[in-house]
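Visitor: Next up is a structure, given as C-alpha cells.
Read-outs throughout are calculated quantities, based only on the coordinates presented, and are distinct from any laboratory measurement. Here the structure is a predicted model, which means the values were calculated and not measured. Using ideal geometry, Cβ is built from the backbone for each residue, glycine included, and neighbour counts are taken over all protein chains shown.
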Amino acid sequence: MVDSTSALCHNYRRREKSPHRRRTADQAGTVRYADLPRRASGREGKARGAMTQKKTPIQERLERYRSGLPSESTQKRRRVSRMLLFVNLIILVGIILIFKMPEQPTYFSTGISYGGIHYRVSLSRNQHKSYMISLSLTGEAETAATHRYRGGVAAVSFTHGATVVMKTVLGANVASVSLPPGENRNFTLTINEEPLKTFALNHPELLVPPRKAFLFSKTQHIPLEVKTTFNTETPVTITMNINYEVP
C-alpha cells in the first residue's frame, strides 16, 4: 500500500513539474494544470517544410488558371504589345506632323558691294509656287552714296548655257538712288514663269529627274543661271546658279 501511494505522489510531482503543463489556481485555492502546446518534433518540422516547398511551374499555372489570373508569359506578352503600340503611335504622329509641315520655300541669294552701296539679289519661291526676285540696296559709306542708272536699276536674265530663256528689269523707272549710311531701298518683282516652263517642255533632255529620299522626293528641275547687271555708269554683273523646279 505504501508503494502505490508513493508512486502516485511521484507521478503527481512529475506532472506538476512538467514544462508542458501550466499551473493555475481558482478563487477556492484549487490548483489546476492545463496542457501547453508542444513544439513540433523534428519529423513534424520536416513534414511541414516539405509542404511549404516552392511549387512547380505546372502547379502555379494550374492555380492561376483556377483563380482566373493570366499566366506570367501572357503578362509579358501584354507588356511587350503595349510597348510596341506606344512606339508605333509615336512614329505615326511624327509622320503626320512631317506631312503637315509647311513646305520650305526655295531660296537663292547673292550680293556685291560697289561704290558705297551693297546690292543683294534674291530669288525665292513662296507657298503659292510663285517665283519672286528681289533687289535690296543698303548704304555702306560714311556719307550718302548716290548711283545713277540707265534703263532701270538692274537687268536680270535667266540663261541655260548660251541660251537666254527670259529677261526682266528691276526698278525700271528709277534713274538714281541716294542712300545715307544704313538706309535701304528694295525692289521686288513676280516672275512670269511661262517662258521658263516652255523652255523646260521643249528640252526634256535637260530635265534632272527627282532625287528619291526617305518618305519624300524632290520634283524634277532644270539648272539655270541668273545674271544680274546693275546699270550704273560702270555696269557690274553678278551671277547665281539655281534649280528651277518644273511643275
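Visitor: Can you sort 203, 118 by how many other beta carbons sit within 10 Å, fewest first?
Guide: By the 10 Å Cβ count, ascending, the order reads 203, 118.
Visitor: Enumerate the amide H contacts of residue 166 below 5 Å, restricted to partners 5 or more residues apart or on another chain; note that Pro and chain-start residues carry no placed amide H.
Guide: 158
Visitor: Here's a follow-up. Using the count of nearby Cβ atoms within 10 Å as a rough guide to exposure, how do 125, 79, 120 rank from fewest to most?
Guide: 79, 120, 125
Visitor: What's the extension gain from residue 91 to residue 130 if we count 0.36 nm per residue and subtract their Cα-Cα distance?
Guide: 10.7 nm
Visitor: So how do 233, 225 line up by other beta-carbon neighbours within 10 Å, fewest first?
Guide: 233, 225
Visitor: Where does the charge balance sit around residue 145 when Lys and Arg score +1, Asp and Glu -1, over other residues with C-beta under 14 Å from its C-beta?
Guide: -2
Visitor: Could you check the spin-label model distance between residue 59 and residue 109? Points 7 Å from the Cα along Cα→Cβ, value in nm.
Guide: About 7.9 nm, to one decimal.
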